[in-house]
Protein chains: 2
Amino acid sequence: MDTKTKLISAAEHLFDRHGFTATGMDKLTQAAGMSSRTLYKHAGSKMALITYVLAERHRRFQQRTEVDSVEALFGALEEWVRVEGCRGCLFLRAHGETGGDIPKIADAVLAHKASLYEKIQEIVSLETGGKHNPELAEQILILFEGATAAAVYRGAESITSARIAASVLIQQARA
Amino acid sequence: MDTKTKLISAAEHLFDRHGFTATGMDKLTQAAGMSSRTLYKHAGSKMALITYVLAERHRRFQQRTEVDSVEALFGALEEWVRVEGCRGCLFLRAHGETGGDIPKIADAVLAHKASLYEKIQEIVSLETGGKHNPELAEQILILFEGATAAAVYRGAESITSARIAASVLIQQARA
DNA sequence: TACAGTGTAAAACGATCATTTTACATCGTC
DNA sequence: GACGATGTAAAATGATCGTTTTACACTGTA
């Protein structure tokens, strides 16, 4: 694995488990198995490293949510949690830690969430026979967001609950 | 207002707007209008101050959610966001910043969420004619959690969406 | 009037932080 | 075989962190 990839991967892991600010550069260099000089050559700064991590996270998230049904969307979330654990949305956590005060991070969060909402609108449209239904899409988005948050303290079963609720709402909209 | 109350109130405001770690003791003393010596006499430490803030937050949250219908529950959330803004659940944010590594904080989060879930179970039971329905309660919890999270980037309207979705689920369960 | 309680202002503490620097090793390539 | 790129190890930098300390002022009460 190439150096920068290894760095971003180690950083994502530590940021996710212990938080962004709580993770110092010494922990990062140690986990990535490289000197701080190499780390700074590749990342530039801690803030830049955070944005790299978020970009990588977004890429992987989009890849995993290439689905065309609400069932599959929540299935993808279940799979995500099974593989990566449930510590809440890393984008919202980054936003929360910085109070939305760092533009680079705030932008990354908004872009990620906008793309999620668009994806859900796409799926909802497919499910309801091509109809444009932004309100229903927002409800599914809220279930997705809520399942991610609730899974932190209630475990992966909350995703099943959300999936069932989403199915009911879709069914209701078809009638 | 007494000194400790003023301190906790100022601390809650700063923690909520800028995050826990990002808020230094100098900002806290300045905002609370007191010397660091007085702050430490009343709070003991920053970590203790955080738990005081969470306790006060929990008290106010419970007071505001003394309701007996799902409609009123989401109405209370709308009111909360209107008055206090929408920067996400402060408990989950505290949990996220510390990675769940600090027991005092992790416990406060779990207790707060457990009490929220119990409250929702109560309301759901009232709404469905005394029936015990933990699955439905979890779905409402997820909508509540999701609305709180989504409001960070989509504004207060997401709470309306969640309220409507919750009504549909309740209606469905009554049939 | 003496005193305990509660406060301020500001310096000092040691630790930790992100970042930079110095000095040196390895390796593929022209 | 010189060289530029890429790496390590480790010390130094200056800032900032949470916390403690020193020295002093005000206030109500016995």
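The values are calculated or read from the model by the stated rules, or taken from the named source; none is laboratory data. Everything numeric in this text was worked out from a predicted model, so none of it was measured. Heads up, the Cβs are rebuilt from the backbone with ideal geometry, glycines too, and the neighbour counts pull from every protein chain shown. Surface accessibility is based on the protein's heavy atoms, side chains included, excluding ligands, DNA and RNA. Shrake-Rupley method; radii C 1.70, N 1.55, O 1.52, S 1.80 Å.
Before we move on, is A:Leu54 more than 16 Å from DNA strand D (Cβ to nearest atom) and either within 14 Å of chain B (Cβ to nearest Cβ) or crowded, with 19+ Cβ neighbours inside 10 Å (or both)? Considered against the rule, which asks whether it is more than 16 Å from DNA strand D (Cβ to nearest atom) and either within 14 Å of chain B (Cβ to nearest Cβ) or crowded, with 19+ Cβ neighbours inside 10 Å (or both), A:Leu54 comes out as yes.
What number of residues within the stretch A:52-71 satisfy the criterion of being in a helix (DSSP H, G or I) and in contact (Cβ under 8 Å) with a residue 40 or more places away in the chain? It would help to see each step written out before you state the result.
Of the stretch A:52-71, the ones in a helix (DSSP H, G or I) are A:52-64, A:70-71.
Imposing the further condition that a residue be in contact (Cβ under 8 Å) with a residue 40 or more places away in the chain reduces the set to A:52-58, A:61-62, A:70-71.
The qualifying residues number 11.
Can you pull out every residue in the stretch A:115-153 that is small (Gly, Ala, Ser) and either in contact (Cβ under 8 Å) with a residue 60 or more places away in the chain or more than 20 Å from B:Val168 (Cα to Cα) (or both)? Walk me through it before giving the result.
As a first pass, look at the stretch A:115-153 and keep what is small (Gly, Ala, Ser): A:115, A:125, A:129-130, A:137, A:146-147, A:149-151.
Residues satisfying the conditions are A:Ser115, A:Gly129, A:Gly130, A:Ala147, A:Ala149, A:Ala150, A:Ala151.
Out of A:Glu97, A:Glu78, A:Glu157, report the one residue that is at the interface with another protein chain (Cβ under 9 Å from one of its Cβ atoms), open to solvent by 20 Å² or more (accessible area, probe 1.4 Å) and under 28 Å from B:Pro103 (Cα atoms).
Numbers: A:Glu97 fails: open to solvent by 20 Å² or more (accessible area, probe 1.4 Å); A:Glu78 fails: at the interface with another protein chain (Cβ under 9 Å from one of its Cβ atoms).
Unique residue meeting the criteria: A:Glu157.
Of everything in the stretch A:1-51, what is open to solvent by less than 30 Å² (accessible area, probe 1.4 Å), in contact (Cβ under 8 Å) with a residue 40 or more places away in the chain and within 12 Å of DNA strand D (Cβ to nearest atom)? Give them in sequence order. Correct list: A:Leu7 only. The one condition from (1) of a type in the set (Ser, Thr, Tyr); (2) open to solvent by 10 Å² or more (accessible area, probe 1.4 Å); (3) facing another protein chain (nearest Cβ under 7 Å) that A:Thr128 does not meet is (3).
Which members of the stretch B:81-91 meet the condition of being crowded, with 18+ Cβ neighbours inside 10 Å and assigned to a helix (DSSP H, G or I)? B:Val81, B:Leu90, B:Phe91 - these are the residues of the stretch B:81-91 that are crowded, with 18+ Cβ neighbours inside 10 Å and assigned to a helix (DSSP H, G or I).
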